[in-house]
Amino acid sequence: MKILVLNGPNLNLLGTREPGQYGTATLADVEASCREAGARLGHEVECFQSNWEGALIDKIHEYGRLHREGEALGCVFNPGAFTHTSVALHDAIKGVAGLPVVECHISNVHAREAFRHHSFVSPAAAGIVIGFGVHGYVIALEGLVRAHGKAAVSA
């Protein structure tokens, strides 16, 4: 089964954007580690990043359909700044009822500016992983598989 690793705005700048906050790993590094973890868990990982809210919504809709058809397990989603602003992403996740979405953030958003403390995505998410750096993506993938699927090999 497929798992979507979805990244929102500015995550294409990983490695160069505020390395003190986000580290030096690039988005390509994150995607490679997610594909490796997915393979270890017996799942194909598709990675997608966009700075456009509508493109993220379309991808959630696509995976909602794939989940209903038994072809996708779920989604790991770092919505970036849309976390704090997008009712539309919340509604997209709720609208594809049944697709487990794990919200993932590289930094601990609760230890940052007050405007980052609220998430519109969290109430629609199956789980949340925050503050573990880019390794949080692998933690989110493992959690998704353990909670909503079966690993091909013991993780």
Kindly provide the pair-distance distribution of segment 76-131 built from C-alpha pairs, with 5 Å bins from 0 and whole-percent values in order of increasing distance. 4, 22, 34, 24, 11, 4, 1
Rounded if a/c under 1.5, otherwise prolate or oblate - the chain, Cα gyration tensor axes: oblate
Expressed as a rounded percentage, what relative contact order does the chain have, with Cα pairs under 8 Å and six or more residues apart? 28 percent
What's the extension gain from H118 to F132 if we count 0.36 nm per residue and subtract their Cα-Cα distance? 3.2 nm
Residues of segment 57-87 with backbone N under 12 Å of the label point set 7 Å from the Cα of L13 along Cα→Cβ are 81
Treating the beta-carbon of each Lys and Arg as +1 and of each Asp and Glu as -1, no other charges, what is the dipole magnitude of the chain about its Cα centre, to the nearest 20 debye? 280 debye
Applied in sequence order to segment 137-144, the curve 6.51 cos²θ - 1.76 cosθ + 1.60 (Karplus, θ = phi - 60°) yields integer Hz couplings, x standing for Gly and Pro, of 4, 5, 4, 5, 4, 4, x, 4
Alpha-carbon centroids, segment 106-137 and segment 20-82: separation in whole Å: 16 Å
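None of the figures in this text is laboratory data; all of them are computed from the coordinates on show. Because the structure is a prediction, the values reported are computed rather than measured. Neighbour counts are summed over all protein chains in view; Cβ atoms, including those assigned to glycine, are modelled from backbone coordinates with ideal geometry.
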